[in-house]
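**Q** Submitted below is the structure of interest, expressed as structure tokens.
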Amino acid sequence: MTDETLQKILKKNPGEPEFHQTLTEVYNSLQPVFKKHPEYAEAKIFERMTEPERTITFRVPWMDDKDQVQVNRGYRIEFSSAIGPYKGGLRFHKTVNLSILKFLGFEQILKNSLTGLPMGGGKGGSDFDPHGKSDDEVMRFCQSFMNELYRHIGPDTDVHAGDIGVGGREIGYMFGQYKKLTNSFTGVLTGKGLTWGGSLVRTEATGYGLLYFVEEMLKTRKESMRGQVVVSSGSGNVSIYAVEKCEQMGAKVVAMSDSGGYIYDKEGINLATVKHIKEVDRGRISEYVKSHPKAEYHDGSAGIWSIKCDVALPNAKENELDEKAAQALVKNGVIAVAEGANMPSTPGAIKVFHKNSVLFGPAKAANAGGVAVSGLEMSQNSQRLSWTFEETDARLKQIMVDIHKNALAASEQYSTKGNLVDGANIAGFLKVATAMTQQGLV
Ligand code: NDP
């Protein structure tokens, strides 16, 4: 396919830089596939795959604690149902817009395909900012959000999960409202509470899965996580459980962050303290130094990448790790970087890692553990069964091992062995492209 194809798609989606970023990366990775399979270019598979099947935007009015009316915008991008119902998280953050959700939704198509489970791709959310809101305000917002969304979704149509700003509390409020509106108890959301249809390991899944993936990357260089020094950005769901698994694997995590700044504890971060600050108090990472006076707090989250480490895990947000940060990591001897967040490394940063032979695990492969266990939650809900922690964790681990194996094999077949960016894009794409071809022009 010619560059003209990509340019046309970019032009059709003006003012959407994050969406352009992922489209350009995936398009470049797929060039060898288009050469080998001209039938995909002929059937315009890429052009079709990059156009969402359906985009829903809606008004979300709600009343704050001061009895003032607030209005936010809600979104759901139903991107692809080629291999299963639309599946993907909801993000509540003040920066949410169409570009961010289209980038996340498009990535989700390929990520879900990589898991080997029958899930299509979708993403949604709102520009609602949960920071500083009371539980009652969050509940009223979630109920109003679901008052519109419920008519578009269903356990066999479109299944939601958490993402930034959407955790167990928000999933609970939305599930409650969906149940009331539809008079049905179904698995329309994943990440549910354990007593009402949730799956064990879902909370830990993205972080744990990330480390299972890193362990596979390291094995290719006869290394392991034992004894490694780690930096993990963010201090939300993904980062906290990535850090927990690092500790279980015998690694030492020395730094974590939030959007305000980062903490550095050279003795090793005390995760129980971070969990308490973030999960119980919903506080700021800066509070860590109050109970750990030997640790340091620095304003500004980007500085975290200047800390010397063997393994770097960008687990916070898109484009948080730029070329300069990548150069600093390389200078400090980093051996592996794996993305728990979605698209946290800029294209310039990825180039630096590849050029310096740093093992690099791209998001759609490395952080697929979350959606994989969401898929397992859907299976358990359909069967009205609950699997044990050990059984679910073992399935998660196997899925991550397989994703690494398949991405590595695709990189060897079509690109450069070990280029997991290309490998993941290609392996994810091929399965969806085959399904689209077999299902005709729909
Ligand atoms: P959470 O809302 O639980 O946590 C996000 C964390 O990142 C918070 O600690 C937040 O701090 C911090 N943060 C935000 N911006 C920055 C920044 N610029 N620098 C440093 N820290 C920052 O979200 P999740 O942990 O669920 O999601 C994190 C990433 O992982 C996102 O990219 C998401 O799309 C991706 N992801 C999540 C999955 C999941 O299962 N949850 C699955 C797959 C991917 P603050 O409180 O200050 O905003």
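The values are calculated or read from the model by the stated rules, or taken from the named source; none is laboratory data. As the structure is a computational prediction, the values presented were derived from the model and not from experiment. For neighbour counting, all protein chains shown are included, and Cβ atoms are generated from backbone atoms with ideal geometry for every residue, glycine included. Surface areas here come from the heavy atoms of the whole protein model, side chains and all, with no ligands, DNA or RNA. Shrake-Rupley method; radii C 1.70, N 1.55, O 1.52, S 1.80 Å.
**Q** Please tell me if Gly283 is in contact (Cβ under 8 Å) with a residue 60 or more places away in the chain, within 16 Å of the ligand (Cβ to nearest atom) and open to solvent by less than 20 Å² (accessible area, probe 1.4 Å).
**A** no
**Q** If I ask for residues that are open to solvent by 10 Å² or more (accessible area, probe 1.4 Å) and closer than 16 Å to Tyr27 by Cβ, which ones from the stretch 428-442 would you list?
**A** Leu430
**Q** Let me ask you something else. Taking the conditions exactly as written (touching a residue at least 60 places away in the same chain (Cβ under 8 Å) and among the small types (Gly, Ala, Ser)), does Gly125 satisfy them or not?
**A** no
**Q** Can you tell me how many residues within the stretch 64-110 are within 15 Å of Asp158 (Cα to Cα), touching a strand residue (DSSP E or B) at 6+ places or on another chain (Cβ under 8 Å) and not hydrophobic (A, V, I, L, M, F, W, C)?
**A** 11
**Q** Right, another one. In the set Glu216, Glu247, which member is free of Cβ contacts under 8 Å to residues at least 40 places away in the same chain and within 28 Å of Trp387 (Cα to Cα)?
**A** Going through Glu216, Glu247 in turn, just one is free of Cβ contacts under 8 Å to residues at least 40 places away in the same chain and within 28 Å of Trp387 (Cα to Cα): Glu247.
**Q** So Gly191 ticks every box in (1) more than 12 Å from the ligand (Cβ to nearest atom); (2) in a loop (DSSP other than H, G, I, E, B); (3) outside the structural domain of Gly74 (by TED's automatic domain parsing) but one. Which box is left unticked?
**A** (1)
**Q** Before we move on, is Leu90 touching a residue at least 24 places away in the same chain (Cβ under 8 Å) and part of a helix (DSSP H, G or I)?
**A** no
**Q** Also: Among the candidates Phe141, Phe213, which residue alone is in the same structural domain as Ala242 (by TED's automatic domain parsing) and within 16 Å of the ligand (Cβ to nearest atom)?
**A** Phe213
**Q** crowded, with 24+ Cβ neighbours inside 10 Å, assigned by TED's automatic domain parsing to the domain that holds Pro17 and under 23 Å from Val280 (Cα atoms), is that true of Val166?
**A** Yes, satisfied.
**Q** A follow-up question, please. So, in the stretch 10-33, how many residues would count as being over 20 Å from Pro362 (Cβ atoms) and buried (at least 18 other Cβ atoms within 10 Å of the Cβ)?
**A** Final tally of qualifying residues: 1.
**Q** Can Ile77 be described as more than 19 Å from the chain's Cα centre (by Cα), within 18 Å of Phe103 (Cβ to Cβ) and surrounded by 14 or more Cβ atoms within 10 Å (Cβ to Cβ)?
**A** no
**Q** Which residues, taken from the stretch 194-225, are more than 19 Å from Met400 (Cα to Cα), open to solvent by 20 Å² or more (accessible area, probe 1.4 Å) and assigned to a loop (DSSP other than H, G, I, E, B)?
**A** Residue satisfying the conditions is Gly197 alone.
**Q** Here are Val274, Val243, Val230: which of them is open to solvent by less than 60 Å² (accessible area, probe 1.4 Å), in a strand (DSSP E or B) and either within 22 Å of Ala338 (Cα to Cα) or not small (Gly, Ala, Ser) (or both)?
**A** Result of the check over Val274, Val243, Val230: Val230.
**Q** Does any residue in the stretch 14-28 that is among the β-branched types (Val, Ile, Thr) come within less than 8 Å, Cβ to Cβ, of a residue that is not in a helix (DSSP H, G or I) six or more places away or on a different chain, and which pairs are these?
**A** Thr22/Met343
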